[in-house]
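These notes are about the structure you will find just below.
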Amino acid sequence: MTVLVGYATARGSTRGVAERIAAQLECAGEQVDVQPLSDITSVREYETFVVGSAIHSGQWLPEAAAAIGRLRPQLAGRALWAYSVSSVGATSTILSNRVASYLRRVTPEPRVVQHLREAADVRGHRFFAGAIGRGDWPGFGRVLFRLMGGHYGDARDWADIDQWAESIHHRDAQVRGE
């Protein structure tokens, strides 16, 4: 099976998640291409898609939304997995645990993923925490970050990312009857 792992990143954290997903899928025997979403012009040669973006202001980056809009006709009815990288992931966070627990309950799926569900066979969406450096949140954002118990560093949960990638391989293998 040929898998396309596409991503949109602001500072490299989401690219790292994409590369890790691709590495896990390759270890499972899949043929994988990793590309920025903005560089993808056709998806016709791929059987499965794993697409993700950094989250800014609660939504995927504009270049990710534009790429999905452009590729949407080619994705119709096809297997797709989506992931979002933000301050709070399903298993880790750069914010306080209390704030993260609240945000996990109230944060809706990004609009782009909702639109993908209308066009493609979205088999799953996962939130992952990313990494943040001192200059990543400008001005008042830094104050808000600190008030929410934010801490600088890399909060990516590699074991969670690995497990999610393995679930993609296993689910698609079941669909293929392997």
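Tell me, which residue of the range 49-63 that is in contact (Cβ under 8 Å) with a residue 12 or more places away in the chain and not aliphatic (A, V, I, L, M) is farthest from residue 107 (Cα to Cα)? Here the answer is 49.
Results for (1) in contact with a His (Cβ under 8 Å, 6 or more places away or on another chain); (2) at pLDDT 95 or above, shown as yes or no for each residue.
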{"site": "113", "(1), (2)": "yes, yes"}
{"site": "116", "(1), (2)": "no, no"}
{"site": "126", "(1), (2)": "no, yes"}
{"site": "131", "(1), (2)": "no, yes"}
{"site": "134", "(1), (2)": "no, no"}
{"site": "137", "(1), (2)": "no, no"}
{"site": "150", "(1), (2)": "no, no"}
{"site": "173", "(1), (2)": "no, no"}
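Within the set 30, 26, 19, the sole residue that is over 10 Å from the mean Cα position of the chain (by Cα), open to solvent by 40 Å² or more (accessible area, probe 1.4 Å) and either in contact (Cβ under 8 Å) with a residue 40 or more places away in the chain or under 22 Å from residue 132 (Cβ atoms) (or both) turns out to be 19. Take the range 75-90 and flag every residue that is modelled with pLDDT of 95 or more and surrounded by fewer than 18 Cβ atoms within 10 Å (Cβ to Cβ). The answer is 90, and nothing else. Of everything in the range 3-16 that's under 15 Å from residue 164 (Cβ atoms) and in contact with an Asp or Glu (Cβ under 8 Å, 6 or more places away or on another chain), which residue is surrounded by the most Cβ atoms within 10 Å (Cβ to Cβ)? The extreme case among them is 5.
In the set (1) part of a loop (DSSP other than H, G, I, E, B); (2) touching a strand residue (DSSP E or B) at 6+ places or on another chain (Cβ under 9 Å), the condition left unmet by residue 41 is number (2).
Could you tell me whether residue 21 is touching a Pro at 6+ places or on another chain (Cβ under 8 Å) and closer than 18 Å to residue 157 by Cβ? In short, no. For beta carbons closer than 6 Å, sequence separation of 6+ or different chains, a first residue in the range 88-99 that is farther than 18 Å from residue 163 by Cα and outside any loop (DSSP other than H, G, I, E, B) and a second that is open to solvent by 20 Å² or more (accessible area, probe 1.4 Å) and not aromatic (Phe, Trp, Tyr), the qualifying pairs are 99/148; 99/149. Is it the case that the range 45-57 has a residue that's more than 20 Å from residue 132 (Cα to Cα), open to solvent by 40 Å² or more (accessible area, probe 1.4 Å) and not in a helix (DSSP H, G or I)? Yes, because at least one residue in the range 45-57 is more than 20 Å from residue 132 (Cα to Cα), open to solvent by 40 Å² or more (accessible area, probe 1.4 Å) and not in a helix (DSSP H, G or I). Only one entry of 118, 166 meets the criterion of being free of Cβ contacts under 8 Å to residues at least 24 places away in the same chain and within 30 Å of residue 79 (Cβ to Cβ), and that entry is 118. Tell me, which residue of the range 115-140 that is outside any loop (DSSP other than H, G, I, E, B), more than 18 Å from residue 90 (Cα to Cα) and out of contact with any helix residue (DSSP H, G or I) (no Cβ under 6 Å at 6 or more places or on another chain) is most open to solvent (accessible area, probe 1.4 Å)? Ranking the candidates gives 140 first.
Residue 143 meets all of the listed conditions (1) open to solvent by less than 60 Å² (accessible area, probe 1.4 Å); (2) assigned to a helix (DSSP H, G or I) but one, namely (1).
The values are calculated or read from the model by the stated rules, or taken from the named source; none is laboratory data. The shown structure was predicted, so the numbers you read here are calculated from the model rather than taken from an experiment. Here Cβ is always computed from backbone atoms with ideal geometry, including for glycine, and neighbour counts include all displayed protein chains. The area values use the complete protein model at the heavy-atom level, side chains included, leaving out ligands, DNA and RNA. Shrake-Rupley method; radii C 1.70, N 1.55, O 1.52, S 1.80 Å.
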